[in-house]
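The values are calculated or read from the model by the stated rules, or taken from the named source; none is laboratory data. Note that the structure is predicted; figures quoted are calculated from it, not measured. Counting neighbours? That spans all protein chains shown, and the Cβs are built from the backbone with ideal geometry, glycine included. Each accessible area value is taken on the protein alone, full model and side chains, heavy atoms only, with ligands, DNA and RNA left out. Shrake-Rupley method; radii C 1.70, N 1.55, O 1.52, S 1.80 Å.
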Amino acid sequence: MNRPEIHVEFATALRLFVPHGRRAGATALTTDGVSTLGHVVESLGVPLTEVGALVVDGREVPPAHVPADGERIIVRAVGRPQRVPGAPLCFLLDVHLGTLARRLRLLGVDTAYESTDIGDPALAARSAAERRVMLSRDRGLLRRRELWAGAYVYSTRPEDQLRDVLDRFSPELRPWTRCTACNGLLRDAAKEEVAEQLKGGTQRSYDVFAQCRACGRAYWKGAHHEQLVAIVERALTEFPGRR
């Protein structure tokens with residue numbers, strides 16, 4: 001029995017995932033006749049988290065569709081801004097995205113982060129349990145079915161990573177409200193409340209402090225404050241109306 005042959009074309013944004021021979025328009029592919037289209041797409045390297053629509057001969061189909069012989073398939077990229085239904089928008093980042101995690105927290109975005117490699121099953125389980133969008137550059141992790149939701153982080157540069165996440169998900173920005181160390185919420189604090197965390201120069205030079213309600217870490221406008229202000233102002237300028 002002849003196996004079905006289909007023609008598959010990927011959106012430009014998705015072509016980095018597929019072999020070079022499949023990056024220039026529609027290419028032929030022989031399937032086994034029983035695998036779903038979602039499985040076929042993932043077998044070619046594209047996580048379904050990055051797929052916005054699957055269009056077969058002009059009609060949109062679900063990932064469970066089983067391709068038939070002669071079908072022409074267009075795999076579109078996920079639409080932006082992407083809406084994640086059913087829960088307040090929050091994120092979970094793997095061990096490789098610590099800088100991105102701190103910058104999202106700086107902007108007040110609810111961002112959990114695993115600073116050690118706890119393994120893909122545990123990350124996926126946490127994503128599902130806490131209904132967090134899993135952000136990762138690990139395609140295998142993003143293929144796990146138990147994920148609540150997920151997204152591939154395309155760049156290795158923190159500046160570009162942050163811009164991409166803000167553009168894709170359009171989270172509400174509330175700068176200076178979260179602890180960059182643990183994601184807890186901050187409160188105003190008197191100098192006396194955080195005195196044990198202050199060195200002599202800080203004790204003498206600063207009078208305005210905040211403290212994390214969760215881990216107790218103290219914050220003030222220290223030597224790196226201007227760099228942090230630049231990150232915040234750039235985000236608010238590029239993505240106005242998110243507050």
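Numbers for the structure displayed
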read-out: Electrostatic dipole magnitude of the chain [Cβ: Lys, Arg +1; Asp, Glu -1; Cα centre; debye, to 20]; value: 520 debye
read-out: Which of 194, 125, 177, positive extreme of dipole for segment 120-243 (C-beta unit charges); value: 125
read-out: Value of relative contact order over segment 46-104, rounded to a whole percent, pairs C-alpha under 8 Å and six or more apart; value: 32 percent
read-out: Share of carbon and sulfur in the accessible heavy-atom surface of segment 95-208 [1.4 Å probe, %]; value: 44 percent
read-out: Contact order normalised by residue count of segment 1-148, Cα under 8 Å, 6+ apart, percent; value: 21 percent
read-out: Nearest-20 debye value, segment 71-186 charge dipole, Cβ charges on Lys, Arg, Asp, Glu; value: 280 debye
read-out: Structure-based [θ]222 nm, the chain - -39500 (n - 2.57) summed over DSSP H runs of at least 4, per residue, nearest 500; value: -7500 deg cm²/dmol
read-out: Candidates 191, 199, 221: whichever shows maximal mean-square fluctuation once the chain is modelled as a Gaussian network with Cα springs under 10 Å; value: 199
read-out: Separation of the residue 12 and residue 226 label points, Cα + 7 Å toward Cβ, nm; value: 3.9 nm
read-out: Extent along principal axes [Cα atoms of segment 1-119; Å; largest to smallest]; value: 56, 27, 26
read-out: Using a Förster distance of 51 Å, the FRET efficiency for residue 43-residue 234 (Cβ separation, nearest 0.05); value: 0.85
read-out: Length gained when the stretch residue 206-residue 188 is fully extended (0.36 nm per residue, less Cα-Cα span); value: 5.1 nm
read-out: Extension gain from residue 34 to residue 130, taking 0.36 nm per residue of separation minus the Cα-Cα distance; value: 31.1 nm
read-out: Given [x] 0.93; [y] 0.99; [z] 1.10, the label whose value is Rg/Rh (Cα atoms, Kirkwood Rh) derived from this model; value: [z]
read-out: Ranking by accessible area, most exposed first, for 206, 219 with a 1.4 Å probe; value: 206, 219
read-out: Residues of segment 76-154: accessible area per residue with a 1.4 Å probe, Å²; value: 45 Å²
read-out: Between segment 19-37 and segment 91-124, the Cα center-to-center distance that results, in Å; value: 34 Å
read-out: Simple Cβ-charge dipole of segment 152-241, Lys/Arg +1 and Asp/Glu -1, about Cα centre, in debye nearest 20; value: 220 debye
